[in-house]
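Note sheet for the following structure.
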Amino acid sequence: MNDDRNVLGGKLEPCSLSPRTGFYRDGHCNTGPEDHGLHVVCVQATRAFLEFAREQGNDLVTPVPEYRFPGLEPGDRWCVCAATWRQAYEAGIAPPVILEATHEETLAIVPLAALEECALRPT
């Protein structure tokens, strides 16, 4: 994980430690050969996105303890599949993205301009 980079070319920052996210549940949106879903986009979940994902067959609300998945609420940060985020973007309901915590592999699925358009800005 030490060499993982974000979409801006910098060091991949943590996405969330509470709830603990990432394909490897290490708090980062890093990836590897086992991650067929490419869980690399760090988002701040919105109600609209959670409903959209559920409609697509990806229930991100219901806890699944055997996969160490707590279930999400609006406001939680989570590493989501790049293809799911892109679908939500194309539907006009993409959740905000934390660019510094979004893995560079995302760029194989989602253009940087789309991510920047939805970037969560520090307050």
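The values are calculated or read from the model by the stated rules, or taken from the named source; none is laboratory data. For clarity, every value in this text was computed on a predicted model and none was experimentally measured. Positions of Cβ are backbone-derived with ideal geometry, glycine not excepted, and every protein chain shown enters the neighbour counts.
Just one of the numbered conditions (1) surrounded by 13 or more Cβ atoms within 10 Å (Cβ to Cβ); (2) over 18 Å from ARG25 (Cα atoms); (3) acidic (Asp, Glu) is not true of GLU116; which one?
Single failed check for GLU116: (1).
VAL110 fails exactly one of the following numbered conditions: (1) surrounded by 14 or more Cβ atoms within 10 Å (Cβ to Cβ); (2) modelled with pLDDT under 95. What is the number of that condition?
(2)
Could you please let me know if GLU51 is over 23 Å from ARG121 (Cα atoms) and loosely packed, with under 15 Cβ neighbours inside 10 Å?
Criteria met by GLU51.
Of the residues that sit in the range 87-100 and are in contact (Cβ under 8 Å) with a residue 12 or more places away in the chain and over 14 Å from ALA45 (Cα atoms), which one is farthest from the chain's Cα centre (by Cα)?
In this case the residue turns out to be ALA91.
Condition first: surrounded by fewer than 19 Cβ atoms within 10 Å (Cβ to Cβ), farther than 17 Å from THR21 by Cβ and at pLDDT 95 or above. Can you find one or more residues in the range 92-103 that meet it?
yes
Run GLU66 past the list (1) out of contact with any Lys or Arg (no Cβ under 9 Å at 6 or more places or on another chain); (2) surrounded by 14 or more Cβ atoms within 10 Å (Cβ to Cβ) and report the number of the one that doesn't hold.
Result: GLU66 fails condition (2) only.
Please note which helices (runs of 4 or more DSSP H) are completely contained in the range 15-123 and include at least 2 residues that are of a type outside the set (Lys, Arg) and over 23 Å from ARG5 (Cα atoms).
Ranges flagged: 47-55, 82-90.
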